[in-house]
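Peer 1: Before we start, here is the structure in question, set down as structure tokens.
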Amino acid sequence: MKFLGAFTLAFVAAGTLCADLEKVRAEPNLEKRSRYALENADQALRQARDAYAKGEMEQAENLVAEVLQSVELAQISLKNTGKDPRRSPKHFKKAEIETRDLLRKLASFEQELSVADRHILEKVKPRIQQVQEELLLGVMGKRK
């Protein structure tokens, strides 16, 4: 019976997180949407660590996928602003810094994972690193 209660609680928590991402998608201001998406990614990573520590591997995998979805939403939102990252870098630079920080946290989480479980990050880390590099190049790259 305790297992069923824990499973239900985990399912409700995962559903709540997805609902949070839907609220983020509903934000009309694209720059705020990007900021909220990155905050959601950080929260999802913290919850993934907690889930893994409790032995809830499936939930941890879902939360890691949520991290990637949030980072990609942030990047798309900034692109959709239509602003040049070199001329108005405030939100682009903040997103770059936050994704770099997220990558550090992912590396730390990877060290906590057993070798057999590290596969959950093998697609997520390179994609987030790619997003971070694209943001950095947008801010620091050559003018078009």
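The values are calculated or read from the model by the stated rules, or taken from the named source; none is laboratory data. Values in this document were obtained by computation on a predicted structure and should not be read as measured data. Quick reminder, even Gly has a Cβ in these numbers, built from the backbone with ideal geometry, and neighbours come from all protein chains shown.
Peer 1: When K125 is evaluated against the numbered criteria (1) in a helix (DSSP H, G or I); (2) under 27 Å from V139 (Cα atoms); (3) among the basic types (K, R); (4) in contact (Cβ under 8 Å) with a residue 40 or more places away in the chain, which criterion, by number, is the only one it fails?
Peer 2: Single failed check for K125: (4).
Peer 1: I've got another one for you. In the stretch 108-136, how many residues are surrounded by fewer than 19 Cβ atoms within 10 Å (Cβ to Cβ), more than 30 Å from S88 (Cα to Cα) and hydrophobic (A, V, I, L, M, F, W, C)?
Peer 2: 3
Results for (1) in contact with a helix residue (DSSP H, G or I) (Cβ under 6 Å, 6 or more places away or on another chain); (2) modelled with pLDDT under 50, shown as yes or no for each residue.
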position	(1), (2)
F7	no, yes
A10	yes, yes
A13	no, yes
D20	yes, no
E27	yes, no
L30	yes, no
R33	yes, no
A41	yes, no
A44	yes, no
